[in-house]
1. Any residue in segment 135-162 that's assigned to a loop (DSSP other than H, G, I, E, B): show its pairings with residues that are surrounded by fewer than 17 Cβ atoms within 10 Å (Cβ to Cβ) at Cβ separation under 6 Å, as long as the two are six or more apart or on different chains.
2. So is residue 67 modelled with pLDDT of 90 or more and closer than 30 Å to residue 302 by Cβ or not?
3. Keeping to segment 239-262, report how many residues are assigned to a helix (DSSP H, G or I) and either surrounded by 17 or more Cβ atoms within 10 Å (Cβ to Cβ) or of a type in the set (D, E, K, R) (or both).
4. Can you go through 197, 180, 187, 174 and tell me which one is closer than 24 Å to residue 59 by Cα and outside the structural domain of residue 130 (by TED's automatic domain parsing)?
5. For segment 75-107, what are the residues that are part of a strand (DSSP E or B) and more than 21 Å from the chain's Cα centre (by Cα)?
6. Regarding segment 186-199, can at least one residue be identified that is hydroxyl-bearing (Ser, Thr, Tyr), under 19 Å from residue 403 (Cα atoms) and in a loop (DSSP other than H, G, I, E, B)?
7. Among 324, 271, which is over 29 Å from the mean Cα position of the chain (by Cα), surrounded by 18 or more Cβ atoms within 10 Å (Cβ to Cβ) and on the phi > 0 side of the Ramachandran plot?
8. Which members of segment 166-181 meet the condition of being farther than 13 Å from residue 212 by Cβ and either in contact (Cβ under 8 Å) with a residue 60 or more places away in the chain or assigned to a strand (DSSP E or B) (or both)?
Amino acid sequence: MRLNAHQPMKITRSVRNQLFAQGSIAVLLLALVALLSWVAREYRVETDITANARNTLTQATQDALKVFTGPVNITAYAVAKDGGGNDIHKLIREKMRPWQRVKPDIALTLVDPRDDPKRANAAGLRSPNELVIEHQGRSEHLPLPELNEQNLVNALTRLARTGNAVVYWLDGHGERKLDGTANHDFGEFGRQLQMRGYKTASLNLSIAQEVPRQTTLLMIASPQADLQENEVAKIRQYVEAGGNLLWLIDPEPLRGLEPIAEFLGLVLTPGTVVDPSIKPRSGPPTLAVASNYARHPITGQFRLNTLFPGSRQIGSAESREREGWRATPLIEVAQQGWVETGSLDGKPTFDKKTDFQGPINIATAFERMAGDKQQRVVVAGNGSFLANAFLGNGGNLQLGVSMMSWLTGDDKLISVPARPAADVQMKLDQITLYLIAFTFLLVLPLAFAVTGVVVWWRRRKAY
């Protein structure tokens, strides 16, 4: 039987139900798509699958942003697209997104200097592509190529400081210098401090009448010559008045600073820490690695190993506790070692009659109320861990910055360690490279060609 094409289709109840069901499904699908679109716009879920989580802020940075009060305005002056067609503005937005998730009041403004040259000139740019970060009337400039977690948190740290922290280091007696370039000096550490907003300067008390009043922190680092009595008197006057102090003592004589040690109630045993489990390439085993830290603002969240070459034991007298001082041992080393009081020549061995069994505390934090302000002092039995030759080992830099932050009253401002981008490069051997080339240049094109021929042949047979 041949159907008439012009004969109207008879709509039965079954057909009507099918049409209604199809229409309902279409409406539901449209509603579902609209709902998903709204959810995607209002809520964002992201997962960082990079090998070292380099697209996620470290927990330390997140904690710092949570205590960073007030809005932050970031204006990025950069071309919208570079010569290669890359969307620079999109790249900046993606880099700032993790920051805005943690601190929503970070406002980002993108300006193409070519479209608004007057605004770019008024901003005082120092490089073609640059970020201007503003907070409570203060600003910092950060070149776009240097935009990373470490540099941005340093800029925010500088803006967050309520005042200018001035750090003086004692000079004139062969001390380690914060601007020195020798291996034993602290030049790199001083540069890191300046990047974080500290002002550093030397202080020669044989010339200066007193420790300057604007001093936030005085640092004494391993003098090699004896101080004069009047110099020691000026330091003691500063400490007695409530001045903050960082004193780094190597296994050497105190060079006339005994009155300061007496005032603080230090107990300094003779000798050098020996750790036989750490075998150096040459010389005695005087290298100590620290992994045990006290519960203290300096070391409470510290989880990195630190390296101390040539240390001495630091103790404190219990009588000072009754005089208002609170002492906290900070760092333990040489769990299986000891303090060697004899010669370090040859292979030192433990002598229970003269040596002191480990573990050994090599740093202590002191604090007390001096009048209406809190005084803070850290004494470490090692100066080399901040030296240019050792600063890059383990967490030495972060530990040093944490000490400085606590001593200057900025213990909420932390040092964020730079993380290696473990997944930036792939190292492939020659065989793997050949296999990849063979697959993409021969196997896949051949497979596509065979598939095309098969599809063509089947369609031809079908007709």
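1. Short answer, once both residue conditions are applied: 136/70.
2. Working: modelled with pLDDT of 90 or more: no; closer than 30 Å to residue 302 by Cβ: yes.
So residue 67 does not fit the description; no.
3. At the first step, the residues of segment 239-262 found to be assigned to a helix (DSSP H, G or I) are 239-240, 258-262.
Now narrow it down to the ones that are either surrounded by 17 or more Cβ atoms within 10 Å (Cβ to Cβ) or of a type in the set (D, E, K, R) (or both): 239-240, 258, 260, 262.
So the answer is 5.
4. Details: 180 fails: closer than 24 Å to residue 59 by Cα; 187 fails: closer than 24 Å to residue 59 by Cα; 174 fails: closer than 24 Å to residue 59 by Cα.
Going through 197, 180, 187, 174 in turn, just one is closer than 24 Å to residue 59 by Cα and outside the structural domain of residue 130 (by TED's automatic domain parsing): 197.
5. Result: 75, 76, 77, 81, 87, 107.
6. Start the filter on segment 186-199 by keeping residues that are hydroxyl-bearing (Ser, Thr, Tyr), which leaves 198.
From what's left, under 19 Å from residue 403 (Cα atoms): 198.
So of that shortlist, the ones also in a loop (DSSP other than H, G, I, E, B) come out as 198.
Taking every residue of segment 186-199 in turn, at least one turns out to be hydroxyl-bearing (Ser, Thr, Tyr), under 19 Å from residue 403 (Cα atoms) and in a loop (DSSP other than H, G, I, E, B).
7. Details: 324 fails: surrounded by 18 or more Cβ atoms within 10 Å (Cβ to Cβ).
Of 324, 271, the one residue that is over 29 Å from the mean Cα position of the chain (by Cα), surrounded by 18 or more Cβ atoms within 10 Å (Cβ to Cβ) and on the phi > 0 side of the Ramachandran plot is 271.
8. Hits for segment 166-181 are 173, 176, 180, 181.
The values are calculated or read from the model by the stated rules, or taken from the named source; none is laboratory data. As the structure is a computational prediction, the values presented were derived from the model and not from experiment. Every residue, glycine as well, gets a Cβ built from its backbone with ideal geometry; the counts of neighbours run over all protein chains shown.
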